[in-house]
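Please read the structure below before turning to the comments.
The values are calculated or read from the model by the stated rules, or taken from the named source; none is laboratory data. What you see is a predicted model, and the numbers here were worked out from it, not measured in a lab. Here the Cβ positions follow ideal geometry from the backbone for every residue, glycine too, while neighbour counts run over all protein chains shown.
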Amino acid sequence: MTKDAVIQILKTEQGYVSGERISQELGISRAAVNSAVKALRDKGYEIDSATNKGYKLISYPDIISIGELNMYLPKERTAKVLCFDRISSTNDILREMAQKGVDEGQVVIAEEQYMGKGRENRTFHSPRNGGIYMSMLLKPKGSVLETISITAWIAVAVSRAIEKVCNIKAGIKWVNDLVLNKKKICGISTELSLMGESAKVEYIITGIGINVNQSSFPVELKEVATSISEVSGCRYSRAELVAEVIKQLDCLSQEWGTKKDEYLQEYRQRNVTIGNELRVIRGNDERVGFAEEIDDDFGLVVSYADGSKETVRSGEVRVRGLYGYV
Ligand code: BTN
């Protein structure tokens with residue numbers, strides 16, 4: 001899109017850039033440059049124009065667009081990214097694309113979701129301004145059993161991205177919530193599609209919701225959720241963070257099946273579940289136990305008061321001391 005290309009030129013230049021130069025670089029008319037600048041101003045970009053000098057970018061809004069992502073990712077990568085303003089759920093759109101056979105690595109992003117979905121059929125609060133809502137298509141090789149742990153690998157990949165861009169180390173609550181100050185800053189879902197009757201995985205849709213720059217949450221989430229910005233006192237470029245998440249997930253795709261030890265070690269280091277009392281939730285059933293360790297396949301080993309032990313491989317746990325649980 002023309003305005004994405006124009007913003008990229010203005011962002012790379014420190015000073016003024018003439019309309020003539022932009023039109024030549026992009027092979028478009030001066031009128032097209034003018035209307036792109038107008039469209040950008042309407043979106044919140046502050047662009048000064050001076051006679052005989054051209055255009056200069058003064059400030060820009062925190063939006064996630066292909067133009068912004070192109071600052072951090074090569075164009076061949078952003079060709080597989082779609083940015084929406086308001087949609088039901090990035091998972092739903094990506095699932096439709098996956099069913100039509102879109103390539104591995106396809107990403108769908110939204111500024112706002114009106115039917116954001118969490119795990120276990122919960123809704124995922126996804127208002128505009130401040131959050132990242134994205135889904136990415138992965139096609140890891142392996143059986144369902146082998147692939148179940150990818151959800152933990154993704155938690156490591158996203159926490160690496162947050163650490164790199166925001167310089168803050170998030171903890172991981174089993175199995176893949178990211179946590180700061182005992183509250184949730186990121187939820188991750190993984191949806192598997194199987195090949196016919198076989199136990200082979202056709203594709204995975206991972207949905208990632210990160211609280212980045214929000215300064216407040218609804219009353220019912222105050223004890224449970226926070227944002228990276230609320231904890232650090234800084235604001236971040238969401239586009240830069242999305243780009244880094246994409247890079248880390250691309251790396252994960254390549255490393256899947258070969259770097260298990262590295263991911264496992266980091267998963268254990270970041271874990272905030274071990275050593276705490278917890279409740280293992282299965283439907284309406286809750287069992288109080290103690291989180292002993294993460295086993296070699298990312299399972300959670302839980303011990304119970306009757307002396308028994310089990311390894312939880314899927315489902316939900318509530319950890320005492322996190323998210324306001326007592
Ligand atoms: C959870 O913590 O329960 C998982 C939350 C996953 C939320 C993300 S936001 C982007 C993607 N689209 C959705 O509807 N859900 C996931």
(Q) It is to be established whether one or more residues within the range 18-40 are in a strand (DSSP E or B), surrounded by 12 or more Cβ atoms within 10 Å (Cβ to Cβ) and not β-branched (V, I, T). (A) no
Q. Does L82 satisfy the condition of being at pLDDT 95 or above, on the phi < 0 side of the Ramachandran plot and within 9 Å of the ligand (Cβ to nearest atom)?
A. no
(Q) Looking only at residues that are of a type in the set (D, E) and touching a helix residue (DSSP H, G or I) at 6+ places or on another chain (Cβ under 9 Å) in the range 251-306, which one is surrounded by the fewest Cβ atoms within 10 Å (Cβ to Cβ)? (A) D296
Q.
Just to check your reading of the model, which residue among V102, V108 is without any contact (Cβ under 8 Å) to a residue 60 or more places away in the chain, surrounded by 21 or more Cβ atoms within 10 Å (Cβ to Cβ) and not in a helix (DSSP H, G or I)?
A. V108
Q.
For the range 123-167: of the residues being near the ligand (Cβ under 9 Å from one of its atoms) and not β-branched (V, I, T), which is farthest from L94 (Cα to Cα)?
A. G131
Q: Scan the range 118-131 and report the pairs whose first residue is under 17 Å from N176 (Cα atoms) and whose second residue is near the ligand (Cβ under 6 Å from one of its atoms) and of a type in the set (F, W, Y), with Cβ atoms within less than 6 Å and a gap of 6+ or a chain change.
A: G118/F124
Q. Restricting attention to the range 167-182, does a residue exist that is farther than 26 Å from V280 by Cβ, modelled with pLDDT of 95 or more and of a type in the set (A, V, I, L, M, F, W, C)?
A. yes
Q. Does M71 count as aliphatic (A, V, I, L, M), part of a loop (DSSP other than H, G, I, E, B) and either more than 12 Å from the ligand (Cβ to nearest atom) or free of Cβ contacts under 8 Å to residues at least 40 places away in the same chain (or both)?
A. yes
Q: Being buried (at least 21 other Cβ atoms within 10 Å of the Cβ) and in a strand (DSSP E or B) is the filter here, so list the residues in the range 158-183 that pass it.
A: I172, K173, D177, L178, V179, L180, K183
Q: Assess whether G207 counts as being within 14 Å of the ligand (Cβ to nearest atom), closer than 20 Å to D250 by Cβ, of a type in the set (G, A, S) and in contact with a Lys or Arg (Cβ under 8 Å, 6 or more places away or on another chain).
A: yes
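Here's the yes/no breakdown for (1) more than 26 Å from R279 (Cβ to Cβ); (2) within 12 Å of the ligand (Cβ to nearest atom); (3) touching a Phe, Trp or Tyr at 6+ places or on another chain (Cβ under 8 Å):
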{"site": "I185", "(1), (2), (3)": "no, yes, no"}
{"site": "E191", "(1), (2), (3)": "no, yes, no"}
{"site": "M195", "(1), (2), (3)": "yes, no, no"}
{"site": "Q214", "(1), (2), (3)": "yes, no, no"}
{"site": "E220", "(1), (2), (3)": "no, no, no"}
Q) Among the numbered criteria (1) at pLDDT 95 or above; (2) more than 16 Å from the ligand (Cβ to nearest atom); (3) buried (at least 19 other Cβ atoms within 10 Å of the Cβ), which single criterion is violated by L94? A) (2)
**Q.** Residues satisfying the stated conditions in the range 228-263, i.e. without any contact (Cβ under 8 Å) to a residue 12 or more places away in the chain, assigned to a loop (DSSP other than H, G, I, E, B) and not small (G, A, S)
**A.** T258, K259
Q) Taking the stated definitions as given, is E120 of a type in the set (D, E, K, R), near the ligand (Cβ under 9 Å from one of its atoms) and exposed (fewer than 13 other Cβ atoms within 10 Å of the Cβ)? A) yes
Q. So which of K173, K169 is within 28 Å of R313 (Cα to Cα), in contact with an Asp or Glu (Cβ under 7 Å, 6 or more places away or on another chain) and among the charged types (D, E, K, R)?
A. K169
Q: Considering each residue of the range 202-224, count those that are touching a residue at least 40 places away in the same chain (Cβ under 8 Å), surrounded by fewer than 22 Cβ atoms within 10 Å (Cβ to Cβ) and not in a loop (DSSP other than H, G, I, E, B), and give that number.
A: 4
